[in-house]
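J.: This is the structure, below, for whatever I ask next.
The values are calculated or read from the model by the stated rules, or taken from the named source; none is laboratory data. What you see is a predicted model, and the numbers here were worked out from it, not measured in a lab. Using ideal geometry, Cβ is built from the backbone for each residue, glycine included, and neighbour counts are taken over all protein chains shown. Accessible surface is based on the protein model in full, side chains and every heavy atom, while ligands, DNA and RNA are left aside. Shrake-Rupley method; radii C 1.70, N 1.55, O 1.52, S 1.80 Å.
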Amino acid sequence: CLGLSNLCHPLLEIRRQAFNMLEMVHEQSMGIISLSQYEAAVGSSAPSTYLHAHRLISDVLAGEHPDKAIKVLAQLADWLPRVFDNRSERGVLLLLQSLEYWVPSIDLMNDDKSGLSSEGRLTIYHLMALTLRYAESYAEQVLVLWTRLVDPPNQSNGHAVIRFLLEQSHKVGS
């Protein structure tokens, strides 16, 4: 999460350090696809280029390490309000965009599909927190996160979210 958040930093040296950190962690975690193909884009002075590389790297990392999706979501959901709120930079948007690659890997249900897993419940809580905080300012990105969570092949996630909301509606009154 630290590497992803600094990979979109305007200062080149910080982006390079973030890239090196991500590449090292990716290799240590037995990543197959090399991130070196994105190094030149990360080092570009053009924001459109290094921001595009940020999205591509997040996509690769999410695809290579789907088992880390819940941890990435939890960390960013906790971190975004504390680090990026009350700042005029685009960090929140970029990290919300990064999350769209991670959430499809999350399965909300128990192995026997009888109900929400504890990780699934946590995922919904984190997405609800992000929704409450950013639905007005980043409505499209919040919608994308929920859509990616429940889109095929994750249709059971859609049923899990509906069940969760119905169970909670009487407690919240909304």
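J.: Hey, among the residues in the stretch 20-50 that are assigned to a helix (DSSP H, G or I) and touching a helix residue (DSSP H, G or I) at 6+ places or on another chain (Cβ under 6 Å), which one's nearest to E64 (Cα to Cα)?
T.: Per the criteria, the residue is L22.
J.: Search the stretch 40-50 for residues being touching a residue at least 24 places away in the same chain (Cβ under 8 Å) and open to solvent by 30 Å² or more (accessible area, probe 1.4 Å), and hand back the single one that is farthest from L11 (Cα to Cα). Before the answer, list the steps.
T.: Taking the stretch 40-50 first, the residues touching a residue at least 24 places away in the same chain (Cβ under 8 Å) are 42-43, 45, 47, 50.
Within this subset, residues satisfying the condition of being open to solvent by 30 Å² or more (accessible area, probe 1.4 Å) are 45, 47.
On the way: S45: 9, P47: 10 Å.
Restricting to residues being touching a residue at least 24 places away in the same chain (Cβ under 8 Å) and open to solvent by 30 Å² or more (accessible area, probe 1.4 Å), the top hit is P47.
J.: Next up: For the stretch 149-174, what are the residues that are without any contact (Cβ under 8 Å) to a residue 24 or more places away in the chain and of a type in the set (S, T, N, Q)?
T.: Q155, Q168, S169, S174 - these are the residues of the stretch 149-174 that are without any contact (Cβ under 8 Å) to a residue 24 or more places away in the chain and of a type in the set (S, T, N, Q).
J.: Determine which member of the set D111, D85 is modelled with pLDDT under 95 and either within 22 Å of C8 (Cβ to Cβ) or of a type in the set (F, W, Y) (or both).
T.: Exactly one residue qualifies, and that residue is D85.
J.: Follow-up. Kindly list the number of the only condition in (1) open to solvent by 30 Å² or more (accessible area, probe 1.4 Å); (2) within 23 Å of C1 (Cα to Cα); (3) part of a helix (DSSP H, G or I) that fails for K171.
T.: Unmet for K171, out of (1) open to solvent by 30 Å² or more (accessible area, probe 1.4 Å); (2) within 23 Å of C1 (Cα to Cα); (3) part of a helix (DSSP H, G or I): (2).
J.: Follow-up question, since we're still on this one. Among the numbered criteria (1) open to solvent by 80 Å² or more (accessible area, probe 1.4 Å); (2) without any contact (Cβ under 8 Å) to a residue 60 or more places away in the chain; (3) closer than 21 Å to S58 by Cβ; (4) out of contact with any Pro (no Cβ under 8 Å at 6 or more places or on another chain), which single criterion is violated by E136?
T.: Tallying (1) open to solvent by 80 Å² or more (accessible area, probe 1.4 Å); (2) without any contact (Cβ under 8 Å) to a residue 60 or more places away in the chain; (3) closer than 21 Å to S58 by Cβ; (4) out of contact with any Pro (no Cβ under 8 Å at 6 or more places or on another chain), E136 fails exactly one: (3).
J.: If we scan the stretch 2-19, do we find a residue that is part of a helix (DSSP H, G or I), of a type in the set (S, T, N, Q) and open to solvent by 20 Å² or more (accessible area, probe 1.4 Å)?
T.: yes
J.: Right, S29: hydroxyl-bearing (S, T, Y) and either open to solvent by less than 20 Å² (accessible area, probe 1.4 Å) or over 22 Å from E100 (Cα atoms) (or both) or not? Show your work before the answer.
T.: Numbers: hydroxyl-bearing (S, T, Y): yes; either open to solvent by less than 20 Å² (accessible area, probe 1.4 Å) or over 22 Å from E100 (Cα atoms) (or both): no.
Spelling it out, it is not the case that S29 is hydroxyl-bearing (S, T, Y) and either open to solvent by less than 20 Å² (accessible area, probe 1.4 Å) or over 22 Å from E100 (Cα atoms) (or both).
J.: What do you reckon, is L94 within 22 Å of S58 (Cα to Cα), out of contact with any Asp or Glu (no Cβ under 7 Å at 6 or more places or on another chain) and in contact (Cβ under 8 Å) with a residue 24 or more places away in the chain?
T.: Details: within 22 Å of S58 (Cα to Cα): yes; out of contact with any Asp or Glu (no Cβ under 7 Å at 6 or more places or on another chain): yes; in contact (Cβ under 8 Å) with a residue 24 or more places away in the chain: yes.
The answer is yes for L94.
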